[in-house]
Amino acid sequence: MTRRLTLALPSKGRLREPSWALLEASGVAPQEPGERVLQAHCRNADIDLLFVRADDVPEYVQDSVVDCGITGLDLVAERDSSVEVLLRLGFGTCSLQAAVSMEDSAMKLSDLEGRRIATSHPRIAAKVLAERGVSADLVQVAGSVEISPRLGLADAIIDLVSTGSTLRTNGLRSIGVLFESEAVLVGRTGSTDHEARRTLTTLLGSVINARANRYLLCNVAKERLSEVTAVLPTKGSPTVMDLATPGIVAVHALVPAAEIWSLLPKLAACGATSILTLPVERMVP
Ligand code: AMP
């Protein structure tokens, strides 16, 4: 009998919606999704869900309260948790950056030598500053890190940035990246014998791979087929099929979503017609 799997999911905050959407797309969403529910069972899978704060997930996994969890890589590093990253999930991408006010003279991380820096990520900040030989005075704050320079609490901040708009709104300028983060599926270190954990990792991975790709179809005259296959950014071999109209073939291929924009005009220039791109639901390489 397969042992049930317990999975901790962010109950609120930035990672909540995309985590739930990933489970939904994987076909294992909770049976009774609701704002106040703390626990639920999954539809179609032997998984029990526990909804907790993203910050608490690394510890819950490390202490075996749950088998796996979804959280930010920055939170795993900040808690220095002994957990294994099973899968990078491709959302919640951000970086921990050092920033100063626009009028400050600092241009790079080493210019923060001897200065006061406010951060909610003191462990990562201390580690990276030490690696780069910078000795600074770190002040730990829980939230609204970006207003610290204006309040006179610190000369600089080290905070998570995704678009940079919060920095700009607060009159701050980035002077360096310390850590790159994204949402991750984590599991207890060494628990490789758990079959349901392997299945969940494969299932979520297949959706993440699929999201990054599109299924492309087009028609082309046989004599121009080699031109079309030459421009396809495809690792595997495309499928080529004869159409009912003699001399014309249909080409099917999986292509990276990010390359569609530049690919379509190239295909048209090779004489391809009836070009279609379709989303892919799942992809196991
Ligand atoms: P929460 O505090 O629950 O909204 O979740 C914060 C987590 O979301 C962080 O630990 C990061 O992993 C992730 N994240 C992604 N972009 C950002 C951002 N711009 N600011 C803060 N957290 C972000």
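For region 102-243, what does the alpha-carbon gyration tensor say about shape, rounded, prolate or oblate, given a ≥ b ≥ c as the root eigenvalues, a/c under 1.5 as rounded, and a/b over b/c as prolate? Prolate is the answer for region 102-243, as a/c is 1.5 or above and a/b outweighs b/c. Put simply, the convex hull of the Cα atoms in region 191-285 casts, on average, a shadow of 7.2 nm². Annotation: extensible slack from residue 44 through residue 262 equals 74.5 nm (criterion: 0.36 nm per residue apart, minus Cα-Cα distance). Dipole check for the chain: with +1 at the C-beta of Lys and Arg, -1 at the C-beta of Asp and Glu, and the Cα centre as origin, the magnitude is about 500 Debye.
Under 22 Å of direct C-alpha separation, and excluding same-chain neighbours fewer than eight residues apart, residue 235 reaches these lysines: 222, 266. Each of the GluC sites (Glu not before Pro) that DSSP puts in a loop and that has at most 16 other Cβ atoms within 10 Å breaks the chain; the longest unbroken stretch is 183-280.
What FRET efficiency would be calculated for the residue pair residue 199, residue 151, taking the C-beta separation as r and a Förster radius of 45 Å, to the nearest 0.05? Calculated transfer efficiency: 0.35.
If I stretch the segment between residue 4 and residue 282 completely, what's the gain in nm (0.36 nm per residue apart, minus their alpha carbon distance), one decimal? Spell out each step's value before the answer.
Details: separation 278, 0.36 × 278 = 100.08 nm, distance 2.34 nm.
The span from residue 4 to residue 282 would gain 97.7 nm if fully extended.
Dipole of the chain computed with +1 at Lys/Arg Cβ and -1 at Asp/Glu Cβ about the Cα centre; of 170, 237, 120, farthest Cα towards the positive end is 237. For region 208-256, the relative contact order is 51 percent, taking Cα pairs closer than 8 Å that sit 6 or more residues apart in sequence and dividing their mean separation by the residue count. Dividing the summed helix terms, -39500 (n - 2.57) for each DSSP H run of n ≥ 4, by the number of residues in the chain produces a 222 nm estimate of -7500 deg cm²/dmol to the nearest 500. By its C-alpha gyration tensor, with a ≥ b ≥ c as the square roots of the eigenvalues, how is region 12-85 shaped: rounded for a/c under 1.5, else prolate for a/b larger than b/c, else oblate? Cα axes put region 12-85 in the prolate bin. With an a/c value of 1.5 or above and a/b not larger than b/c for the gyration tensor axes a ≥ b ≥ c computed over the alpha-carbon atoms, the chain is described as oblate.
What percent do you get for the relative contact order of the chain when only Cα pairs under 8 Å and 6+ apart count? Over the chain, the number comes to 19 percent. Taking the longest Cα principal axis of the chain as reference, the axis of helix 260-269 is set at about 30 degrees. Using only the alpha-carbon atoms, how far is helix 16-26 inclined from the longest principal axis of the chain? Give it as 0 to 90 degrees, nearest 10. Rounded to the nearest ten degrees, it is 30. For region 186-206 versus region 27-79, the inter-centroid distance based on Cα atoms is 14 Å. The tail of the calculated P(r) for region 114-155 beyond 14 Å holds 43 percent of all Cα-Cα pairs.
Readers should treat all values here as calculations from the given coordinates under stated rules, not as data from a laboratory. Bear in mind the structure is a predicted one, so any value in this text is a computation, not a measurement. Reconstructed Cβ throughout: ideal geometry from the backbone, glycine too, with neighbour counts over all protein chains shown.
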